[in-house]
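The values are calculated or read from the model by the stated rules, or taken from the named source; none is laboratory data. Since the structure is predicted, the reported quantities are computational estimates derived from the model, not experimental observations. With ideal geometry, Cβ positions are generated from the backbone for all residues, glycine too; neighbour counts draw on all protein chains shown. Note: areas computed on protein heavy atoms with side chains; ligands, DNA, RNA excluded. Shrake-Rupley method; radii C 1.70, N 1.55, O 1.52, S 1.80 Å.
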Amino acid sequence: MEEYKGYVGAPYNFVGISKKVNWKDKDQLQPHNVIDLDLKSGTIRYEIEAVTPVFVSEGKREGGKAEAFYKNCYGHYAIPGSTVRGLVRSNVQILSGSSVKDDIQDGRLMYRNVANGKERIAYNDILGNKPKQVGGKSLSVLKHVKAGYITRRDGKYMILPSVIDRISRDTGEMNYYIVSERKIMEGRYKGFEELRGMELQHLDVPVDKKTGSPFIKEIRKGRVHYKGKPNTAYKPYNREVYYLLKGESQIEAIRLVKDKTEGYEEKGFKKGYLLSSGYMNEKKVIYVIPQKDENGEPIPIPQEDIDSYQRDYEGKKNQIENIDTDFYRLPQEGDTKPVFYIRLGGRMYFGFTPRLRLFYDKSILDGLSGEQKKEGVDYAKSLFGYSNDRESYKSRLSFMDAELKRDKGKTDKDAFLILSGPKPTSYLDYLKGAKGGAVSYNQDFELRGIKQYWLRAEAEKGKNTGNNENVASRFQPYNEGTVFEGEIRFTNLTGEELGLILWGLLLEKGSNQNIGKGKAYGYGRVEVRLTGLEILDQKALYGGHTLCMNPYRDETDKKDAYISEIKEELSRRLGRDIMGEPGIRDFFLMKDTAKIPNSDRTRYMELGEYQSRVRDLVCLPGVEDVIEGKPAVSQKSNKGSFERKQNPNTSGGNGKFQGGGKNQRRENGGKAGGRSYSSGGSAGTSLGDLMKGFKQI
């Protein structure tokens, strides 16, 4: 490993997940409907003061543009009780060594690898990416990817095969045709005139002044490239067409299906769909998919694969500029859409571009330690409640809205920010190997920890991301100095449990916390202060012979004693001082106002920086490294150990695809050749955040 010269950083980091879970005895959970004179009930009163401008959304926009600040049922501006509850619960989980299993939506993530190096080679092997001569030019052909039609029947998704199983002997399982957009625009294809008037990926305007072509020919690294002017208004589409073949795999004419298109079949034309997928740099091809086989046997798609696609779709549909959500949306009941797919290792990969997303070998929960995977009741569940298929337990806490108390006004200008957060497919952030090195979901890994945003010295005011409302959020926060006042009501807590709630709410002296929108840019940094702790005097209320007019006693000054009680109990369980635990230490370092890193260490990476970091396998620096300004470390020399391990259920031989000979088992009912594979497992950051609830406090 060697020092990495480029920038690697993020507005967030991770605090370690406790390998030891502090379980509670379910039989000793405190009842809700029993008066126990030894337990504590009462009210915690607190203030939240904005150190930087703060905004908590009501979930709708004002005037069609800016989001509205939350108002409670009384019409008062407030921080919702649910928001404070989420903050305190997350803190309690970390501080008490509680389980995080139920807060992680398990599943195998998907990736599409278009990076350089061994990872790209492995990815291309899986899809069968090979060059093929089409019309005298070399085009990339994905020999293991097929095309068909996805439909939904009786609530279940399936793929209907096309009438063509494969187009030629040398294109593998490929059963669709490739048409060059460049040649269409240059008028070099006769019979494609109708397509020049369609919405293409590049503008049909002269770029090369010498030839008048809309593309300039360039030689880069010994390869020919054609550079055109991207059509920024382009959106992917599919259209029903007639096409005329020349030989096995070359199309010589296309006609759009219109009101009057009779007679094309008599001229040798076949029916199908023209599909132009999402824009990608230097991609200049469109695809023709033969019509579906009405008598073909449907191929069912496993529900878990549908769920994975749907989560990915929901995550990116409002994040990517100019995305056509209808194009990528799964069909409704009875509808049918052209689709690409590949059957691999018992999985169905499908999508609306031939470069499909693939499943990793391991699921997210594979990264938890053995004790974290167990079922049981911990401190967090015993306080905040839980419910599963077998049983449930109600929370002993109620969080009231924290209403606006001191109004310092709203900022003069709206904040307009891209608020998409880190995603679990970013393995260089989320995962670590046995020795802390770079691994993906294809190797043995540990989840790096619970995500926390860094404190920022000040908010990035006036930051603008353009005018695309789909990829950015517009809001007007309250100024620093604004104060909100709230309450937490509790019932039947032990002294240590009360101490844990107080600790989770207030943290340590000098701590600040993050709340609301824009945390990555410094918004929502707050200080939480205790203003009152009232304990119900059960003996005075129920044990006396006279009417008790004020059964509450003020124990605000006992706050530190209660917190010390839980620290001592957790240290006893652990066998050492809880404050010395790495995860606890890192957690409080990230909340310490005296340890705020320079903002140039906690900004998002630019695209080029991120790509370089992935190429050189540079993990996100740890909490202490960021604070101390230590450089990141490259593990490029260890890249060989980053290969996917062979899966005995899907791999064989040398780990490469094996051709489907006559006597070889075929994976999809005798139609597709059997295969095995290996993959480097690298990935770009997916916009579909499948690690639902995995702590973005």
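Computed values, structure above
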| quantity | calculated |
| --- | --- |
| Label point distance in nm, E333-A233, each placed 7 Å from Cα along Cα→Cβ | 3.8 |
| Charge dipole of the range 212-287 about the Cα centre (unit charges at C-beta), most positive-ward option of G268, P230, L256 | P230 |
| Which of R152, R239 is most accessible, then next, and so on - probe 1.4 Å | R239, R152 |
| Neighbour-limited loop hits for chymotrypsin sites (Phe, Trp or Tyr not before Pro), the range 1-94 (at most 12 other Cβ within 10 Å; DSSP other than H, G, I, E, B) | Y74 |
| Shape category assigned to the range 479-584 from the gyration tensor of Cα positions, a/c cut at 1.5 | oblate |
| Rounded accessible area of Y328 (nearest 10 Å², 1.4 Å probe) | 40 |
| Three-way shape call for the range 1-81 based on the alpha-carbon gyration tensor, with the a/c threshold at 1.5 | oblate |
| Accessible area, probe 1.4 Å, largest first, for residues M280, M605, M185, M1 | M1, M280, M605, M185 |
| The range 28-94: relative contact order in percent, alpha carbon pairs under 8 Å with at least 6 residues between | 15 |
| Exposure rank, largest accessible area first [Y111, Y393; 1.4 Å] | Y393, Y111 |
| Greater than 27 Å apart at Cα, pairs in K374/K591; K381/K567; K156/K284; K451/K517; K71/K517; K235/K636 | K374/K591; K156/K284; K235/K636 |
| Within the range 475-519, trypsin sites (Lys or Arg not before Pro) in DSSP loop having at most 11 other beta-carbon neighbours inside 10 Å | K509 |
| Magnitude of the charge dipole, the range 496-609, Cβ model with Lys/Arg +1 and Asp/Glu -1, debye to 20 | 260 |
| Restricting the range 584-629 to GluC sites (Glu not before Pro) in coil, as DSSP defines it, with at most 14 other Cβ within 10 Å | E606 |
| Per-residue SASA entry for H144, accessible area with 1.4 Å probe, Å² rounded to 10 | 40 |
| Pair R153, K636: separation of 7 Å Cα→Cβ label points (nm) | 5.3 |
| Anisotropy class of the range 320-413 from Cα gyration tensor, a/c 1.5 cut | oblate |
| Estimated FRET transfer efficiency when R0 is 30 angstrom, pair K374-A434 (beta carbons, to 0.05) | 0.90 |
| For the range 489-536, size of Cβ-based charge dipole, Lys and Arg +1, Asp and Glu -1, in debye | 360 |
